[in-house]
Amino acid sequence: INDGGVEAAGRPVRVEMEVISSGEATERIVAGEIEPAIWSPASSLWGRLLNYRADRALAPDESPSLVKTPLVIAMPEPFARALGWPDEPIGWSTLIAEARSERGWAAYGHPEWGPFKFGQTNPEFSTSGLSATVAEYLAAAGKREGLTLADVRAPKNRRVVRDLQRSVVHYGDTTLFFAEQMAARGPTYVSAVAMEEVTVLDYNLRLRTGGPRLVAISPEEGTFYSDNPLIVPDAPWVDADTRAAAEVVSERLISRMTPEVAAEAYFRPPDDAPPVAPVDAANGADPTEPTALLGLPEPRVMNAIIEAWRADRKPARVEVVLDVSGSMVEEGKLEAAKQGVDGFVRLLQPQDEVGLSVFSDEPVVVAEPVPMRTGRARLLARVQGLFPEGDTALYDATDQAVARIAERAGDDRIDAVVVLSDGADNASDISFERLQERLREVSGDEGDGVRVFTIAYGSGAEAELLADIATSGGGRAYVGDSATIEQVYIE
């Protein structure tokens, strides 16, 4: 389109793109921070949620789809066969029953696989997480459509979903993170993950280096398509000329989306045409599924589901490790970092536990992990009282924080350490190599260890070093600055 020759309203059309997660884009549109002419979230579910939170019909009821991919239950093939796949149906009720079982995989003759462990992404940001959580509530209510506020608020249904959430390994911001961890750590990392078929194919065709392939199981109760709609908002910033240009772009994209073009990125075409290779059984997908689709709930019901999930999700125990060395005074880094921690702590639920340690010449424990129900205000006050000085004992601080969380670790919580630093270590007793060994030991391959997340902060931050620490700790590495630090903490 940008090469020229495409016009609308007598003027040339030019497209500028920005990649933003569906959940983040929803919040930023509501806040007036972005004004897209075309918005393509991964699912039409987000359009409904946008309308509810904006309290106006910004997204039309129907928008054309660019490509689609179904939400599936992804399992290592031996695990799926142990449950009877492909002859026996598997669905959300299967996952709920396994999450409630105390025997785990021993009930199927495989005690070496450990307990049943479930993975799903955060429904506040991720399409697969939102779709899965809605599907879980529909299954709990015994429905395929017509979910009501009463269904979401019913104690029985809340308890069913809560039981499944208690088997969650962790909540990531993308299913790609689960795929990467399974590739690196093996099939016992997680037993089943709610993810889109496109990620299953990406795992089998690109990420898998050994071990079993993943199979994409269409839940017997039904599922959703991530339909990637091309939404032209009904908003003041979309004038008549902009709308004409957006519609030309939309029509051009859809006209070129053949099954073959969609399949190049492991998607299905937007219409009813059958998918083509590699979207096939040879690569873990079933092109004849899904045969049962779930009905989208009303926007207010979806919002209630997210609110219920916040209260019922598996609680976390987190230690925030903050660099307060002298270099953090530059660029106002420490003050901005403190604001990021403040925003992060305020978003946590009463059942979450958070501790704080800092480091310069040496690590110092500021506050042991305390429930946010009683300790939030005190922790926030301690954060605001921090000042920068001294050198950087990054390795010692990370090692000691992980050891403290590991002492308390259990199946009842997600255990993690979040490390923010701007520079390389220059004051630790432990070596980098020994730290990596310790982190691998504690994070383990079973999906239930202590994960380490790192944030490289500031223009001179040692991003590669911090990424290596996160990889060894089974977590993810992020890069933040004063404009993005709070969003990084949220992710």
Here is a check on your reading of the model: is residue 66 under 19 Å from residue 19 (Cβ atoms), in contact (Cβ under 8 Å) with a residue 60 or more places away in the chain and either of a type outside the set (Gly, Ala, Ser) or in contact with a His (Cβ under 6 Å, 6 or more places away or on another chain) (or both)? yes
Answer yes if at least one residue in region 121-137 is of a type in the set (Ser, Thr, Tyr), buried (at least 22 other Cβ atoms within 10 Å of the Cβ) and not in a helix (DSSP H, G or I), and no otherwise. yes
Of residues in region 25-44 being part of a helix (DSSP H, G or I) and either β-branched (Val, Ile, Thr) or open to solvent by less than 40 Å² (accessible area, probe 1.4 Å) (or both), the one farthest from residue 227 (Cα to Cα): 30
What pairs come out if I take residues in region 388-404 that are outside any helix (DSSP H, G or I) and pair them with residues that are open to solvent by less than 20 Å² (accessible area, probe 1.4 Å) and of a type in the set (A, V, I, L, M) whose C-beta lies under 8 Å away, six or more apart or interchain? 388/324; 388/328; 388/334; 389/324; 390/324
Matching residues in region 248-257 - criterion: being surrounded by fewer than 13 Cβ atoms within 10 Å (Cβ to Cβ) and in contact with a Pro (Cβ under 9 Å, 6 or more places away or on another chain): 251
Do you know which residues across region 430-477 are open to solvent by 70 Å² or more (accessible area, probe 1.4 Å), assigned to a helix (DSSP H, G or I) and more than 22 Å from residue 326 (Cα to Cα)? 433, 434, 437, 438, 440, 441, 471
Close pairs from region 1-23: first touching a residue at least 24 places away in the same chain (Cβ under 8 Å), partner assigned to a strand (DSSP E or B) and surrounded by fewer than 15 Cβ atoms within 10 Å (Cβ to Cβ), Cβ under 9 Å, at least 6 apart: 6/12; 13/7
Note on region 235-276: residues in contact with a Leu (Cβ under 6 Å, 6 or more places away or on another chain), of a type in the set (Ser, Thr, Tyr) and farther than 21 Å from residue 10 by Cβ are 266
In the set 240, 265, the lone residue that is loosely packed, with under 13 Cβ neighbours inside 10 Å and closer than 30 Å to residue 86 by Cα is 265
Before we move on, is residue 200 closer than 30 Å to residue 2 by Cα and either touching a residue at least 12 places away in the same chain (Cβ under 8 Å) or of a type in the set (S, T, N, Q) (or both)? no
Scanning region 336-378 for residues that are in a strand (DSSP E or B) and open to solvent by less than 10 Å² (accessible area, probe 1.4 Å), which turns out nearest to residue 389 (Cα to Cα)? 359
Go through region 92-133 and count every residue that is touching a helix residue (DSSP H, G or I) at 6+ places or on another chain (Cβ under 7 Å) and at negative phi. 28
Out of the residues in region 147-179 that are under 16 Å from residue 49 (Cα atoms) and not in a helix (DSSP H, G or I), which is most open to solvent (accessible area, probe 1.4 Å)? 148
List the residue pairs whose Cβ atoms are under 6 Å apart, where the first residue sits in region 34-56 and is more than 13 Å from residue 127 (Cα to Cα), the second is open to solvent by 60 Å² or more (accessible area, probe 1.4 Å) and part of a loop (DSSP other than H, G, I, E, B), and the two are 6 or more positions apart or on different chains. 35/237; 51/57
So residue 291 fits all but one of (1) in a loop (DSSP other than H, G, I, E, B); (2) closer than 30 Å to residue 390 by Cα; what number is the exception? (2)
Residues being among the small types (Gly, Ala, Ser), within 16 Å of residue 92 (Cα to Cα) and touching a strand residue (DSSP E or B) at 6+ places or on another chain (Cβ under 8 Å) - total across region 120-141: 5
If a residue must be touching a Leu at 6+ places or on another chain (Cβ under 8 Å) and in a strand (DSSP E or B), how many such residues does region 45-80 contain? 5
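In region 180-201, what residues are among the β-branched types (Val, Ile, Thr) and outside any helix (DSSP H, G or I)?
190, 193
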For region 70-81, state whether one or more residues are under 25 Å from residue 245 (Cβ atoms) and aliphatic (A, V, I, L, M). no
Consider only pairs whose beta carbons are under 7 Å apart and that are at least six residues apart or on different chains; among these, list those whose first residue lies in region 73-91 and is within 20 Å of residue 293 (Cβ to Cβ) and whose second residue is part of a loop (DSSP other than H, G, I, E, B) and open to solvent by 30 Å² or more (accessible area, probe 1.4 Å). 89/220; 90/220; 91/220; 91/221
Within region 387-413, work out how many residues are touching a strand residue (DSSP E or B) at 6+ places or on another chain (Cβ under 7 Å), among the hydrophobic types (A, V, I, L, M, F, W, C) and open to solvent by 20 Å² or more (accessible area, probe 1.4 Å). 1
Selection from region 187-216 of residues that are open to solvent by less than 20 Å² (accessible area, probe 1.4 Å) and over 20 Å from the mean Cα position of the chain (by Cα): 215
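The values are calculated or read from the model by the stated rules, or taken from the named source; none is laboratory data. This is a predicted model, so every value here is computed, not measured. Using ideal geometry, Cβ is built from the backbone for each residue, glycine included, and neighbour counts are taken over all protein chains shown. Heavy atoms of the whole protein, side chains included, go into the accessibility calculation; ligands, DNA and RNA do not. Shrake-Rupley method; radii C 1.70, N 1.55, O 1.52, S 1.80 Å.
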